[in-house]
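Beneath this line is the structure, given in C-alpha cells, with notes to follow.
The values are calculated or read from the model by the stated rules, or taken from the named source; none is laboratory data. In this text, all values refer to a predicted model and were calculated from it rather than measured experimentally. Glycine gets a Cβ as well: all are built from the backbone with ideal geometry, and neighbour counts include every protein chain shown. Accessible surface areas use protein heavy atoms only, side chains included; no ligands, DNA or RNA. Shrake-Rupley method; radii C 1.70, N 1.55, O 1.52, S 1.80 Å.
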Amino acid sequence: GAVVKADAYGLGAARVAPALARAGARSFFVAEAAEGRALRQVLGQGPAIFVFSGHMAGDAPSLFEAGLVPLLNSPEQVARQAAALPDAPFGLQLDSGMNRLGLEPDDWAALRDALPGTPALVISHLACADAPDAAMNDSQLQSFRAMTDGITVPRSLAATGGILLGGAYHFEMVRPGIGLYGGLPFAAARQVVRLDLPVIQTRAVLPGEAVGYGRAFVADRPMQVATVSGGYADGLIRHMSGRAQLHAGDVPCPLLGRVSMDLLTVDVTHLDDVPETLTILGPHQGVDALADAAGTIGYEILTGLGARYERRYLGGAA
C-alpha cells in the first residue's frame, strides 16, 4: 500500500498516485477524508483508499460517495461508523504504544466482538522505526501481536522504517511513505526530486559590503553574488540561511546571508560562467542533506515545497 497523504508528500498526488497504481499499488493511504475523495477522482474505482484519521464528524458523505475505508481510532468513531454507515467497509487502527492514534488495548478488547462488521484491515504505527536498535520497536511489535494474533483479517504495522526492520514487521501489508519519495530512513532510495532555481541577476560585491537582510553576510573579499528566485514562500525555510549550498553542475555554491520570502543570494565567485539555473535539490544535495542544513527532516522539506514551482514529471509519472 502506498502512502500519498499531504498531496503525495508535496509532490502532487494527482500525478504520483496513478504512477504508483501503474507500478502495482492497489491500496492507498491518506490522512483525511477530503484527501481521499480527491484521490478517488484521480484513481477511479478499484484501488482501496484508507483514511488514517478514521471517521470524523461530517465525514460520512465523503466516505460513502468515494468508497473510502476509514481506519477507526476510538470507541466514538466505531459508534459513529455503526450509526452512519453500518454496511460500509472500515478498518481499525490500534495503539501499540505510540499514544497518538488508535484504540487502546482495553478498548480493543471490549469492542472486538461488537464491531459493525469485519474490518478490511487492522493497523498500528511504529514510533521509533527510524532507529533500528530502539527497544520500542520490539515492544510495539509484541503489543501488536498480542492484540491481533488469531484474527483472520489483513494486518499492517510497517511504514518505510518498519519495512527496513525485517520480515517480522511486515504482516500482510506494508505502507511505504517517505521511502517512495527518496527519503530516509531508506538510505538506498532513488532520488525522486530535483529542484532548479533560476538566476535573476548577478552582481559584484566589494569587501565590507553586506548581502541581504540584516547584514547577515559581509564580504571579506571581492565576490560575485547571484540572486536566485526562491525563498521561504516556496518551502526553502529560513533556518537554512548561510548553511545550505546550491550547485552549478558538480560545483557547490554557498548560500549567503538570509533566505528571504522570494529570493536567495549565492556565492558564484568561483564559477567561470554563471548558469541560468542553480540546483538546490539534485544529485549532490538530496532532500535529507538539505534538511540537515536547515536543522529539520526531509519530510518537512518535501511537504513544504510551494505552489509557485513549474513542475515537470518524468519517467513513470509522465
Does the stretch 127-203 come out rounded, prolate or oblate, given a ≥ b ≥ c as the square roots of the eigenvalues of its C-alpha gyration tensor, rounded meaning a/c under 1.5 and, failing that, prolate meaning a/b above b/c? prolate
Surface/4 of the Cα convex hull for the stretch 238-293, nm²: 3.8 nm²
Kirkwood hydrodynamic radius of the stretch 92-235, from inverse mean 1/r over distinct Cα pairs, in Å: 19.3 Å
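Among DSSP beta bridges lying fully in the chain, give the percent that are antiparallel, nearest 5.
Within the chain, antiparallel bridges account for around 60 percent of the total.
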In Å², and per residue, what accessible area does the stretch 138-199 have when probed at 1.4 Å with the other protein chains present? 46 Å²
Accessible area per residue for the stretch 41-97 in Å², computed with a 1.4 Å probe and the full protein assembly in place, what is it? 39 Å²
The helix 33-43 Cα axis meets the longest alpha-carbon principal axis of the chain at an angle in degrees, between 0 and 90 and rounded to 10, of 80 degrees
D_trans [Stokes-Einstein, Kirkwood Rh over alpha-carbon pairs] for the stretch 177-318, 20 °C, 1.002 mPa s, µm² s⁻¹: 138 µm²/s
Scan around Phe90 for amide H atoms under 5 Å from its own, H built in the peptide plane at 1.01 Å from N, and keep only partners 5 or more places away or cross-chain. Ala120
Cα centroid of the stretch 205-283 to Cα centroid of the stretch 123-149, whole Å: 43 Å
3J(HN,Hα) from dihedral phi, the stretch 293-307, Karplus parametrisation 6.51/-1.76/1.60, rounded to Hz, x for glycine, proline: 5, 9, x, 9, 10, x, 4, 5, 5, 4, 6, x, 4, x, 8
Sort the stretch 116-172 into rounded, prolate or oblate with this rule: let a ≥ b ≥ c be the square roots of the eigenvalues of the Cα gyration tensor; rounded if a/c is under 1.5, and if a/c is not under 1.5, prolate when a/b is larger than b/c, oblate otherwise. prolate
What is the set of long-range amide H partners of Ser260 at a cut-off below 5 Å, with H atoms built 1.01 Å from backbone N? Tyr232
Of Gly58, Gly306, Gly231, which has the largest mean-square fluctuation in a 10 Å C-alpha GNM of the chain? Gly58
Quick check: pseudo-label points 7 Å beyond the Cα along Cα→Cβ at Ala14 and Met261, how many nm apart are they? 2.6 nm
Once the Cβ-Cβ distance between Asp220 and Arg22 is put in as r, and R0 is 41 Å, what FRET efficiency do you end up with, to the nearest 0.05? 0.15
Can you tell me the orientation of helix 135-148 relative to the chain, as the angle in degrees between its alpha-carbon axis and the longest Cα principal axis, to the nearest 10? 30 degrees
Suppose R0 equals 45 Å. What FRET efficiency, 1/(1 + (r/R0)^6) with r the Cβ-Cβ distance, do His284 and Met136 give to the nearest 0.05? 0.85
In nanometres, what is the gap between the two model label sites at Gln45 and Tyr309, each 7 Å from Cα along Cα-to-Cβ? 3.6 nm
The whole-number value in µm²/s of the Stokes-Einstein translational diffusion coefficient for the chain, with Rh from the Kirkwood sum over alpha carbon pairs at 10 °C and 1.306 mPa s, is 73 µm²/s
Pop a pseudo-label 7 angstrom from the Cα along the beta-carbon direction at both Glu104 and Thr269 and give the gap in nm to one decimal. 6.2 nm
Counting only helical runs of four or more DSSP H residues, what would the 222 nm mean residue ellipticity of the chain come to if each run contributes -39,500 (n - 2.57) and the total is spread over all its residues? -7000 deg cm²/dmol
Rounded to the nearest 10 Å², what accessible area does His55 have for a 1.4 Å probe in the complete protein model? 0 Å²
Once both axes come from the Cα atoms, what is the angle between helix 13-22 and the longest principal axis of the chain, in degrees from 0 to 90, rounded to 10? 60 degrees
